[in-house]
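Here's the structure, in structure tokens; my notes come after.
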């Protein structure tokens with residue numbers, strides 16, 4: 001379905017200095033994945049404002065990954081002012097083979113559909129021209145046959161290299177992923193291999209840094225009901241940096257979401273518990289005089305995600321410890337905040353921090369100068385912190401919907 005708005009509906013002024021005709025609606029498009037220039041070009045007479053407090057309808061677009069490797073987009077039309085309480089939701093499902101152009105056209109189609117609904121409720125259909133066309137020769141009741149039964153396979157490999165007179169480096173990465181996602185079950189098997197080589201020459205002396213890592217993870221997650229889930233996990237890891245030659249692990253867990261999982265595109269407040277064991281072989285003897293050991297552990301994660309018109313909050317707090325020594329533990333906090341404080345002013349912050357007391361893998365002996373400078377092995381620490389903080393302030397015209405792509409690299 002396509003529709004266009006008559007040009008006079010936006011650009012004829014009402015004599016009150018707003019440049020807007022009475023009855024015209026203001027939309028605030030809150031979408032990180034949307035091609036906003038494309039939307040404005042295709043809908044040049046729709047009034048998109050940059051301030052949500054001046055909008056009549058807030059269009060919040062979120063997305064989740066689908067089992068087929070594509071995405072499911074949720075277009076939430078949230079009515080404000082005279083439309084408060086009049087909310088709509090549309091879904092767009094894409095596959096991993098869809099092009100960016102196809103995706104933006106599908107999003108635009110749902111965006112048009114929602115906009116049309118509000119113009120109908122506003123009594124402004126006289127300003128709208130509607131054309132409806134059928135896509136292909138689809139028939140009602142057409143059955144889709146999936147020869148892969150929802151299984152998706154992906155293989156990826158690639159490399160990088162760099163060379164100059166006194167140093168050279170290269171890396172090779174390969175990844176295989178097999179997954180199947182249904183409403184009841186979520187299954188994934190993923191393997192990754194990474195090889196990194198760096199060579200430095202100092203007065204004819206060769207200093208090398210060889211880092212290899214291999215990972216294999218598999219899980220099977222069952223949906224019990226709208227809020228409860230359970231999962232079974234297996235893993236293998238080999239990593240030079242962490243002094244791990246072989247690490248075989250398995251665990252099981254249960255998770256409860258205080259909100260229904262059907263609302264996960266807007267809000268999640270979940271508690272997850274996992275318990276399991278790891279059988280580990282080390283490359284070098286550890287500071288605890290171990291070359292291999294079996295470790296039993298448990299962990300609990302509290303996760304909060306809110307995506308709302310006023311911003312986004314994401315906080316995850318996880319605690320983990322080993323049963324043989326409860327002091328061998330780790331506490332991890334990951335958080336992201338984006339809050340719109342006023343119509344012109346917003347603040348965003350990201351923080352990742354860990355309290356670390358479980359580095360059982362550390363090799364015995366002191367690290368050499370080369371190990372430290374080249375980061376060839378993990379060093380002892382009781383914490384890790386990184387974060388970012390920023391402010392955003394905007395002002396000026398709220399009605400400028402004109403697209404001009406000249407000298408785009410300067411934008």
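Things worth noting here:
- Boolean, residue 91 is under 21 Å from residue 262 (Cβ atoms) and either free of Cβ contacts under 8 Å to residues at least 40 places away in the same chain or over 23 Å from the mean Cα position of the chain (by Cα) (or both): yes
- Within region 290-300, one or more residues are in a loop (DSSP other than H, G, I, E, B) and either surrounded by 14 or more Cβ atoms within 10 Å (Cβ to Cβ) or touching a strand residue (DSSP E or B) at 6+ places or on another chain (Cβ under 9 Å) (or both).
- Set side by side, the residues 73, 119 differ, and just one is part of a strand (DSSP E or B) and surrounded by 19 or more Cβ atoms within 10 Å (Cβ to Cβ), which is 73.
- Scanning region 322-332 turns up at least one residue that is closer than 21 Å to residue 232 by Cβ, assigned by TED's automatic domain parsing to the domain that holds residue 385 and either crowded, with 16+ Cβ neighbours inside 10 Å or in contact with a strand residue (DSSP E or B) (Cβ under 9 Å, 6 or more places away or on another chain) (or both).
- Selection count where residues are over 30 Å from residue 284 (Cβ atoms) and surrounded by 17 or more Cβ atoms within 10 Å (Cβ to Cβ), scope region 228-252: 1
- Filter result for residue 209 (at pLDDT 95 or above and closer than 30 Å to residue 287 by Cβ): no
- Among the residues here, residue 315 does not qualify as in contact (Cβ under 8 Å) with a residue 40 or more places away in the chain, assigned to a strand (DSSP E or B) and surrounded by 14 or more Cβ atoms within 10 Å (Cβ to Cβ).
- Being under 24 Å from residue 298 (Cα atoms), within 20 Å of the chain's Cα centre (by Cα), at pLDDT below 95 and outside the structural domain of residue 30 (by TED's automatic domain parsing) is a description that does not apply to residue 388.
- For region 253-272, the tally of residues that are exposed (fewer than 14 other Cβ atoms within 10 Å of the Cβ) and in contact (Cβ under 8 Å) with a residue 12 or more places away in the chain stands at 5.
- Residues located in region 56-70, provided they are assigned to a loop (DSSP other than H, G, I, E, B) and within 18 Å of residue 312 (Cβ to Cβ): none
- Qualifying residue in region 135-148 (condition: surrounded by 15 or more Cβ atoms within 10 Å (Cβ to Cβ), within 30 Å of residue 40 (Cα to Cα) and either in contact with a helix residue (DSSP H, G or I) (Cβ under 8 Å, 6 or more places away or on another chain) or at pLDDT below 80 (or both)): no
- With respect to the conditions (1) surrounded by 18 or more Cβ atoms within 10 Å (Cβ to Cβ); (2) modelled with pLDDT under 80, residue 62 falls short on a single one, namely (2).
- Residues of region 90-109 that are under 20 Å from residue 265 (Cβ atoms) and out of contact with any helix residue (DSSP H, G or I) (no Cβ under 9 Å at 6 or more places or on another chain): 95, 96, 103, 106, 109.
The values are calculated or read from the model by the stated rules, or taken from the named source; none is laboratory data. Predicted, not measured: the structure shown is a model, and the values here were computed from it. With ideal geometry, Cβ positions are generated from the backbone for all residues, glycine too; neighbour counts draw on all protein chains shown.
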